[in-house]
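Here's the structure, in structure tokens; my notes come after.
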There are 2 protein chains.
Amino acid sequence: MGTVTIKEVAQRAGVSPGTVSNALNRPELVAPATRERVEEAIRELGFVRHGSASTLRAGHSRTIGLSVMDIGNPFFTDVAAGVEETASALGYAVILGNSAGSLEKEERNLHVLAEQRVRGVLITPSDDDPARFDRLRERGISVVLVDHPAHRPDQCSVTVNGEGGGQMATSHLLERGSRRICHLTGPLTIRQCRERATGARRAVLAAGLDPADVLEVVAMPAMTARAGQVAAERMLAAGRLPEAVFCANDLLALGLLRGLLLAGVRVPGDVALIGYDDIDFTAASAVSLSSIRQPAHRLGQIATELLLDECDNPDTHAHRQIMFQPELVVRESTGSPR
Amino acid sequence: MGTVTIKEVAQRAGVSPGTVSNALNRPELVAPATRERVEEAIRELGFVRHGSASTLRAGHSRTIGLSVMDIGNPFFTDVAAGVEETASALGYAVILGNSAGSLEKEERNLHVLAEQRVRGVLITPSDDDPARFDRLRERGISVVLVDHPAHRPDQCSVTVNGEGGGQMATSHLLERGSRRICHLTGPLTIRQCRERATGARRAVLAAGLDPADVLEVVAMPAMTARAGQVAAERMLAAGRLPEAVFCANDLLALGLLRGLLLAGVRVPGDVALIGYDDIDFTAASAVSLSSIRQPAHRLGQIATELLLDECDNPDTHAHRQIMFQPELVVRESTGSPR
DNA sequence: CCATTCCATTAAAACGTGTTAGCGGAATTT
DNA sequence: AAATTCCGCTAACACGTTTTAATGGAATGG
């Protein structure tokens, strides 16, 4: 009961199991008439191919793994949506893992993915160790890094220029006239945070100014709205507000914005504010938020295409490190002070 | 090369393949000394169990499927996070599908999940047809409905009381003194929208008022911030603003809020506003948004526990239809007019 | 000391599919 | 008409694991 196998389909269609398999996987090998009979038998019996048996015999599966750092962050949600859309269109299933920033959890996820013999893995790694994925690749599991540059030429990666984005945001604040800028960011162990900070510094230098005078970097332990609000409270307690804040993340920016507004600080009048990621909600916030837009959805699409190309055409595949350019979106929070 | 099998591990440890399998799955059957040898061999060779072979032989996998309606909606993201967390803790992998509201896509997802022989499926179905999942259950794939009530006692479901939530929101507006209320919602083909609308109506009746006088229902084709802003523009064009708006969704509410504020309408002074879902961003919006909180993360957790219990203890398992109660969260957007 | 029980281990048979080599017959060429 | 090529199909094995029945040896009881 329950499971109907390829054998029963064969019997019903009056052919051998091998022919049914061919009709499914290499239809051009089987005569139109028999193919029709097989398809009818499949429909009548409600046959569904046993993916595990198929994987076992064929040596590869129709699934890919996706390991992200924070499924709660809309940026990663957008990436995930792009991945799911592309993979699904090509008949691949996506196994989702949320590392939540924990290296241990990430390792556990990768182990599960290895057990499932996924065709490949898309991952936003929590650390910088490039050797960590070698074990996977030795097993024939391709790896594409998402939002993290590959260190070596034999690996694909898809990123957005973080230094460029940081520079863009900071230049915008400088052009606006701000000369005391705070860069509110997350743990500097996170590469994206480091990049954006570097970009900020570079923008100050490019303007012929001394970072020591102009730029103060404040790193919070988390990149959440909650952390942003805490940062606001600290700034207010310290007494001396910066003229502008560049947040490494829209969530931080939204929290900071809320904290400042609650205390009666005017934005952008007293403090200008720019975030990063341009998530959907920035436009709807108290003061609409200027931000650096990243093509998250597209990132997911391209990463998936790269991965599946690497899987399906291992010999012709050329490893690529693709870097998208972010885009400055100016809204009210850095508008001219009224 | 690459794949190291149970056989090689057995050879290295000087035992038979069967013993290695036992050491992995039923350690109590093998003597401590040999178990130690086996574990060492596994470590040395970097052996990873072939999940497909295991599934094929054992007849069931360690994966569950999750099919949601809109991965971009923070409510579902929270659910997904709860699911991933719980499943992962129990050693299960989660295959993610995004139906994007399309029935056809949902069917395709379910087919993929059936092929993968997932242990069970968590689904937020796009329609009301209860028979649609029978085919899955015949194949031994358990189904738990998420955010959708089960019609039959032999099926688990986890929901949040939508009528109650709708009533709660509307009563709150009525108590506040509003007598011309607009209910802004999405397609009424969506069950959640219907429920909330019913709740709104019931609240009006419970207050001894006539819905025809008090309540106007406006259904948008989508439940996005964009749609909310369009709704605001229409209201303004129509000239006559309601005293209060109950939105079936925070995204709609945020969009509406933005549209109203841009036109100089005061919230809650001219129009009071309440949303639904209480997503993270409501607190950070222009005017912080009153909303109906749903325990999304918990929903995901419980649904997963129910599903895995049904899988692991099919005889003792009691099907349950769990309904959570939502919670009113009052913020500025329904505060007393200044 | 023999019979019994118990324990740790093994050999071998599945699970459902993909694939390879080969077979018979029809179509084509000599 | 015989020889060759081609086409559509089949038989049978392999993939890596789990599981059942069987095995041998140690421990226990009479």
Checklist line | Radius, Kirkwood style, for chain B when every pair of distinct Cα atoms is counted (Å) | finding: 22.5 Å
Next item on the list: Between the alpha-carbon centers of the range A:227-241 and the range B:12-32, tell me the distance in whole angstrom.
Entry: 59 Å
Next item on the list: State the extension gain, in nm to one decimal, for the chain segment bounded by residue A:222 and residue A:154, taking 0.36 nm per residue of separation less the distance between their alpha-carbons.
Entry: 21.2 nm
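Normalised by the number of residues in the range B:276-338, what is the relative contact order in percent for Cα pairs under 8 Å and 6+ residues apart?
45 percent
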Checklist line | Relative contact order (%) - criterion: Cα under 8 Å, at least six apart; region: chain A | finding: 17 percent
Check: How large is Rg/Rh for the range A:88-134, to two decimals, with Cα atoms and a Kirkwood Rh?
Finding: 0.98
Item checked: Calculated FRET value between residue A:107 and residue A:315, using beta carbons and R₀ = 22 Å, to 0.05 -> 0.10
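Treating the beta-carbon of each Lys and Arg as +1 and of each Asp and Glu as -1, no other charges, what is the dipole magnitude of the protein assembly as shown about its Cα centre, to the nearest 20 debye?
Dipole magnitude for the protein assembly as shown comes out near 0 debye.
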Note to self: So for the range A:6-49, averaging the separation of alpha carbon pairs under 8 Å that are six or more residues apart and normalising by length, what relative contact order in percent results?
What the structure shows: 41 percent
Item checked: Taking N as its residue count, the alpha carbon Rg of the protein assembly as shown over 2.2 N^0.38 Å -> 1.05
Note to self: Averaged across A:68-78, how many Cβ atoms of other chains sit within 10 Å of each residue's Cβ atom?
What the structure shows: 3
Check: In the range A:4-125, if every C-alpha pair distance is counted and binned at 5 Å from zero, what percent goes to each bin?
Finding: 2, 11, 17, 15, 14, 11, 10, 8, 7, 5, 1, 0
Next item on the list: Taking a label point 7 Å out from Cα toward Cβ, give me the nm distances from residue B:108 to the same spot in the other copies, shortest first, one decimal.
Entry: 3.3
Notebook entry, point to check: Hey, what do the phi angles of the range B:223-229 turn into as Karplus ³J(HN,Hα) couplings, whole Hz, using 6.51/-1.76/1.60 and θ = phi - 60°, x for Gly and Pro?
Noted result: 10, 10, 4, 3, 4, x, 5
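In nm, what is the difference between 0.36 nm times the number of residues separating residue A:205 and residue A:179 and their Cα-Cα distance? Can you show the working numbers first?
On the way: separation 26, 0.36 × 26 = 9.36 nm, distance 1.25 nm.
Gain on stretching residue A:205 to residue A:179: 8.1 nm.
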Checklist line | Acute angle (nearest 10 degrees) that the helix B:296-312 long axis makes with the longest principal axis of chain B, alpha-carbon atoms | finding: 40 degrees
Margin query: Looking only at chain A, where both bridge partners belong to it, what percent of the DSSP beta bridges are antiparallel (to the nearest 5)?
Written below: 10 percent
Notebook entry, point to check: Tell me, what is the FRET efficiency for residue B:31 and residue A:323 to the nearest 0.05, using R0 = 45 angstrom and their Cβ-Cβ distance as r?
Noted result: 0.20
Check: If all Cα-Cα distances of the range B:201-264 are sorted into 5 Å bins from 0 onward, what percent lands in each bin, rounded to whole numbers?
Finding: 4, 18, 26, 22, 15, 11, 4, 0
Check: Across peptide A:278-288, what mean number of C-beta atoms from other chains lies inside 10 Å of a residue's C-beta?
Finding: 6
Margin query: With just the Cα atoms defining each centre, how far is the range A:244-310 from the range B:129-200? Give it in Å.
Written below: 32 Å
Next item on the list: Quick one: with label points 7 Å out along Cα→Cβ, list the inter-copy distances for residue A:226 in nm, shortest first?
Entry: 3.2
Notebook entry, point to check: Can you list, shortest first and in nm, the gaps between the label point of residue A:43 and those of its counterparts in the other copies, using a point 7 Å from Cα in the C-beta direction?
Noted result: 5.8
Next item on the list: Determine the equivalent ellipsoid of the range A:1-47 by diagonalising the alpha-carbon gyration tensor, then write out the semi-axes as square roots of 5 times the eigenvalues, largest first, rounded to whole Å.
Entry: 17, 10, 9
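All of the numbers you see were taken from the coordinates with simple rules; none came from a lab. Everything numeric in this text was worked out from a predicted model, so none of it was measured. Please note: Cβ atoms are built from the backbone with ideal geometry, for glycine as well, and neighbour counts cover all protein chains shown.
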